[in-house]
Structure formats: C-alpha cells, structure tokens
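To keep things clear, I will list the structure first and then write my remarks on it.
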Amino acid sequence: MRSRCGSRSPPTSAAPGGVRTDPDRVVVTHGFADLLSLVARALVARGARRAAVEQYGHAAHRAVLAAAGLEVVALPVDDGGADVSLLDALGRERPVDVVLLTPAHQFPTGVPLSPARRGALVAWAARTGATVVEDDYDGELRYDRRAVGALQALDPDHVVYAGTASKALAPGVGLAWGAVPAGLLDDVVAQRRVLGGSPDAIGQLTLARFLADHEYDRAVRRARARYRARRERLATLVAEHLPGGRLLGLPAGLQAVLELPPGTDEDAVVDRAARRGAELLALGAYAVAPGLPGAGAPTTGSPPPSRAPAVVVGYGAPRDHQVEQAFATLLREIDPLSGTSPRRSSRGATGAPPGRGRRSAGSS
Ligand SMILES: Cc1ncc(COP(=O)(O)O)c(C=O)c1O
C-alpha cells in the first residue's frame, strides 16, 4: 500500500504547497475516506477517543471517524475558517486527539484557514501530541494563483497531508494519497492489513505514468481554466440577475456557496431546482451544531439567525454545453422565492437559451 507512484516525491501539482515527505511515507488509498479510515483506526488503536471536525463538511467523513470509534465534535467556522482556539476549551472537558480540516479551502464554505489559526493549530498539535488530518481535496484548483502552503509543511510529525485525484481528474479514478508522519506510518499500514483491500496496482501504475509524463499537470491546467471560467460566469450571472445574492469563498475548486437574498428559504430553492434537474444542496445540509457531537443529523431546516440562507452550487459535473442552462435554471428557481425583483436583461441568465453568452467579459 505504500507509494507505488514512482520513486520520487509527489510532483508539484499533486502535492502543492511544499509538502515535506518522501516516497516511503506516501500511502495510496481508495479515495480520501479510505485514508481517513486507516488513520482514524490507527489513532484509536493507540488510545485516541475524540475527533474535532469543521462545523460544515461531509456527513460521510464524520461517519468514518465515528465508525473508527471516535466521538466527533464540531468547531464553528467563520471568515477565518475553523475556530481552532476552541480546541483547548474542548480538551479541558475531554482531550481532542484528532482534527480533520480543509485548511486551504474550507468545504463547502470556501474560506481559507487564517494564517494566525494555521500557526495556532500546529502549535496546539505539537503541545498536545494530537494529529491533524489536512484534507487538501482541491488544492490544485486555485484560480487566483495564490496557492496556500500545505499545513503539513509546518509540522510533518503531527499533520497528515491528504490529496486526491477526485477533483483534479475524476472521482472515478478512486485514488487518494497521504503523506503520513513517520511515527504513524507502520500503524496506518497495519490497519490496511487488518481491513484488507489495497488499491489495485494497475490503477496506481497508470497514475504513476500519468504523473511521470506530466499528463497530470496538463490535466490540472485544463481543469483550472475550465472551472475558473465557470465560476466567473456564475459570479457574473449572480451579479446581473440576483440582487441580494452573492458568491462566497475563494475563487477555487468546483463548488461555491451562493448566499441568497435575505428571507429566501434555502430548502425550497433546492427542491425547486431539483424538479428542474439541477442538483444542489442547502448549506444547512452540510452543517452540524458546533461544540456538540458532530456525527449526528445535519442541521437542515431554517438557517440559524447567525447566517444568511445559502446553497452550495457545484459546477464541476455539467458538460460544457450544459453549464449555461444549469446556471440559468438555478437563478430562475431562486427568483420567485427571494422576494426581490431580479434585474433582467433581454438575454440573460433567466432567459438565455443554452449555449448563448457562455463566457463573461471577466473570463480568461
Ligand atoms: C471535502 C472533500 N474531501 C475529500 C474529497 C475526496 O474524496 P475521495 O477521494 O474519497 O473521492 C472530496 C470529494 O471529492 C471532498 O469534497
């Protein structure tokens, strides 16, 4: 299970931001959840009992931690990312042994972890001996070119860096990789033996060739250009047609949070869009209440008064010719629920036929 992806360190685009590791410490798994499961089980076998996650994230990842035997608590997320200053307070009640974070581009809100919090987090991990899992699911897909350094580079002994092929290539590739601290490596490998099922060698060798031939880098560059144009188009359409709405988060990745005009029912927007074939989720579907066991049911229903209604718009899946139509459908379904009067142009998001006006003036 250890790296079969060649005898050199992961190439830049597959491990951006100066990850500090060597090939023997790169563990290749069936996607990120598999890596998370191995790391969590290895830590539980050593006595770990509690994991902290971000208030927003995938329920499946919280479930993986819970299935490994960890109690899951949630850290609130604000404009600076997860509030890691609460780890000390949580720890007084019961130690936190593992923290799962998306520091470069919080999923799904899109905010980066602030520099002060990055420093505080690694200092806390070094002080307490806890392990941080850095889920860098879309690190290659920054559009403003200001890539953030990997958290792992600040403390390779306490941070597991996790990358995946799912966003930059496709989820179907089914491969992720982790740069595992030297002191944890044997225990993670031992968990693979217990659970069985190493990723098949042919898939790994194919990816290794893809990397060695620089095809991975080329695919990332193409993906970056395509998704940046989609995001810019969405931003333009929102500015033109949805007064009171705004896109949040960094220009990066394959999803954006669309804050809806005040008073809009986010669940109703999701239902209406689904009836028109546009899939999206309310921000509340990704949330758990901070400070409480986080593996439970999401906080669906009305958003808490502390935040505006919002939906998470994924723009990676549609084919190029479907994108304009998908955005138009979404904005059309929000209009009647928002209580605002959309500014309509004679040929805009709410009326444009598929394929028209695909690139905004700001696209590059
Ligand atoms: C937040 C987050 N982490 C990790 C992943 C990657 O998961 P996997 O490698 O299991 O496809 C995804 C999905 O692509 C994701 O949204």
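Screening LEU283 against (1) at pLDDT 90 or above; (2) surrounded by fewer than 17 Cβ atoms within 10 Å (Cβ to Cβ) leaves a single unmet condition, (2).
When you scan region 82-96, do you find a residue that is at pLDDT 95 or above, touching a His at 6+ places or on another chain (Cβ under 8 Å) and within 15 Å of the ligand (Cβ to nearest atom), even just one? Checked region 82-96: no residue is at pLDDT 95 or above, touching a His at 6+ places or on another chain (Cβ under 8 Å) and within 15 Å of the ligand (Cβ to nearest atom).
Filtering GLU93, GLU140, GLU134 for residues that are acidic (Asp, Glu) and free of Cβ contacts under 8 Å to residues at least 24 places away in the same chain leaves a single hit, GLU93. Pairing residues of region 245-256 that are within 12 Å of PRO112 (Cα to Cα) with residues that are assigned to a loop (DSSP other than H, G, I, E, B) and of a type in the set (S, T, N, Q), at Cβ distances under 7 Å and at least 6 apart in sequence or on separate chains, gives LEU248/THR109; GLY249/THR109. Within region 36-81, the set of residues being within 11 Å of the ligand (Cβ to nearest atom) and over 15 Å from the mean Cα position of the chain (by Cα) comprises SER37, VAL64. Taken over region 14-56, the criterion of being part of a loop (DSSP other than H, G, I, E, B) and at positive phi is satisfied by GLY17, GLY18, GLY47. Exactly one residue among THR128, THR102 is polar (S, T, N, Q), free of Cβ contacts under 8 Å to residues at least 60 places away in the same chain, more than 14 Å from the ligand (Cβ to nearest atom) and within 26 Å of ALA45 (Cβ to Cβ), and that residue is THR128.
Please verify whether ALA162 is surrounded by 24 or more Cβ atoms within 10 Å (Cβ to Cβ), modelled with pLDDT of 95 or more and among the aliphatic types (A, V, I, L, M), treating the condition exactly as stated. Before you say what the answer is, go through the steps one by one.
Values: surrounded by 24 or more Cβ atoms within 10 Å (Cβ to Cβ): yes; modelled with pLDDT of 95 or more: yes; among the aliphatic types (A, V, I, L, M): yes.
Yes, satisfied.
For region 72-125, a residue qualifies if it is within 19 Å of GLU259 (Cβ to Cβ) and not in a loop (DSSP other than H, G, I, E, B), and the qualifying residues are VAL77, ASP78, GLY81. Only residues that are of a type in the set (S, T, N, Q) and part of a loop (DSSP other than H, G, I, E, B) were counted across region 126-177, and they come to 1.
Which is under 21 Å from the mean Cα position of the chain (by Cα) and within 16 Å of the ligand (Cβ to nearest atom), of LEU207, LEU175, LEU195? Being under 21 Å from the mean Cα position of the chain (by Cα) and within 16 Å of the ligand (Cβ to nearest atom) holds for just one of LEU207, LEU175, LEU195, which is LEU175.
Here ASP144 passes the criteria (1) surrounded by fewer than 23 Cβ atoms within 10 Å (Cβ to Cβ); (2) charged (D, E, K, R); (3) under 13 Å from THR21 (Cβ atoms) except the one numbered (3).
Go through GLY149, GLY183, GLY119 for me and flag whichever is at pLDDT 95 or above and under 20 Å from GLY18 (Cβ atoms). Steps first, answer last, please.
On the way: GLY149 fails: at pLDDT 95 or above; GLY183 fails: under 20 Å from GLY18 (Cβ atoms).
Going through GLY149, GLY183, GLY119 in turn, the sole match is GLY119.
Of all the listed residues (VAL238, VAL270), the sole one being in contact with an Asp or Glu (Cβ under 9 Å, 6 or more places away or on another chain), part of a helix (DSSP H, G or I), closer than 19 Å to THR329 by Cβ and away from the ligand (no atom under 16 Å from the Cβ) is VAL270.
Only one of these is more than 16 Å from the ligand (Cβ to nearest atom), within 21 Å of PRO103 (Cβ to Cβ) and of a type in the set (Asp, Glu): ASP217, ASP213, ASP155, ASP187. Name it.
ASP155
For the residues GLY244, GLY263, the requirement of being more than 27 Å from GLY31 (Cα to Cα), surrounded by fewer than 19 Cβ atoms within 10 Å (Cβ to Cβ), touching a Pro at 6+ places or on another chain (Cβ under 6 Å) and at pLDDT below 95 singles out GLY244. Taking first residues from region 22-45 that are free of Cβ contacts under 8 Å to residues at least 40 places away in the same chain and partners that are in a helix (DSSP H, G or I) and within 11 Å of the ligand (Cβ to nearest atom), the Cβ contacts under 7 Å between residues at least 6 apart in sequence or on separate chains come to ALA33/ALA60; ALA33/HIS61; ALA33/VAL64.
The values are calculated or read from the model by the stated rules, or taken from the named source; none is laboratory data. Only a predicted model underlies this, so the values are computations on that prediction, with no experimental measurement involved. Methodologically, a virtual Cβ is constructed for each residue, glycine included, from the backbone with ideal geometry; neighbour enumeration extends over all protein chains shown.
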